[in-house]
Amino acid sequence: METADLLKVLYIVAIVAEAMTAALAAGRREMDWVGVCLLGSVTALGGGSVRDVLLGRHPLSWVQHPEYLLITCGAALATIMVARYMRHLRYVFLFLDAVGLVVFTVIGCNVAMSLDMPVVVVIAAGMITGCVGGVLRDVLCADVPLLFRAELYGTVSIVTGGLYMAGKALDLPHDPLTVGVMVLGLGMRMLALRFGWRMPKFVYTETIH
């Protein structure tokens, strides 16, 4: 399978997983079925949409491929039917979420590179693609976004994008580079979950009044 085809398959898997986890978050907030669909789609497609808006890239991915909306809405609604069994699949969804993070990051980097953006913008575009959908989900659910907590999430995306760009600068073969970077990013995220690796927290309790 060509790397481009692999990325497309993994992208579909990732948006399905993101939509399903968002649907569970909607259920915890007792949203109706429309809310479940909207939250699922916003979570799965929001990062890419924000990236495209910031980079001035049109049409947005889900406008160009409206089937993505059908896929995410369908996955969100299907979650309602199987929600009682989802607790048994927790580790599966943690793994798929990590896959989605690195896949979205690489795709975001490729989009920015196709627009001849500077390296720092390319890495930022990768992180936006990988992380902002989850931020939108958490904001809509009135939670502190995972990206802003101590978990290694945004850091994994930045490292993945940085390694990808370093490989590009060294002119490494595209397909092995893409697969290798995604494996390294996935491994970093799973190890962080396994061993509880976290970024240092900033705690300030004094008042300035």
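Some points to look at:
- Among (1) open to solvent by less than 40 Å² (accessible area, probe 1.4 Å); (2) modelled with pLDDT under 95; (3) not basic (Lys, Arg), the one test that GLY185 misses: (2)
- Taking the range 101-209 as the region of interest, the helices (runs of 4 or more DSSP H) fully inside it that hold 2 or more residues being under 20 Å from VAL50 (Cβ atoms) and in contact with a Lys or Arg (Cβ under 7 Å, 6 or more places away or on another chain) are 119-140.
- Of all residues in the range 67-116 being open to solvent by 60 Å² or more (accessible area, probe 1.4 Å), modelled with pLDDT of 95 or more and not aliphatic (A, V, I, L, M), the one that is farthest from LEU38 (Cα to Cα): ASP116
- Candidates are the residues of the range 43-58 that are modelled with pLDDT of 95 or more and farther than 22 Å from ALA26 by Cβ; the one that is surrounded by the most Cβ atoms within 10 Å (Cβ to Cβ) is ARG51.
- Among the residues examined, TRP33 qualifies as aromatic (Phe, Trp, Tyr) and farther than 26 Å from THR160 by Cα.
- Of LEU177, LEU140, LEU152, LEU170, all but one fail to be without any contact (Cβ under 8 Å) to a residue 24 or more places away in the chain, of a type in the set (A, V, I, L, M) and surrounded by 13 or more Cβ atoms within 10 Å (Cβ to Cβ); the exception is LEU177.
- Scanning the range 33-42 for residues that are open to solvent by less than 20 Å² (accessible area, probe 1.4 Å) and within 12 Å of MET20 (Cα to Cα) turns up VAL36, LEU39, GLY40, SER41.
The values are calculated or read from the model by the stated rules, or taken from the named source; none is laboratory data. Being a predicted model, the structure only gives us computed values, none of them experimental. Here Cβ is always computed from backbone atoms with ideal geometry, including for glycine, and neighbour counts include all displayed protein chains. Note: areas computed on protein heavy atoms with side chains; ligands, DNA, RNA excluded. Shrake-Rupley method; radii C 1.70, N 1.55, O 1.52, S 1.80 Å.
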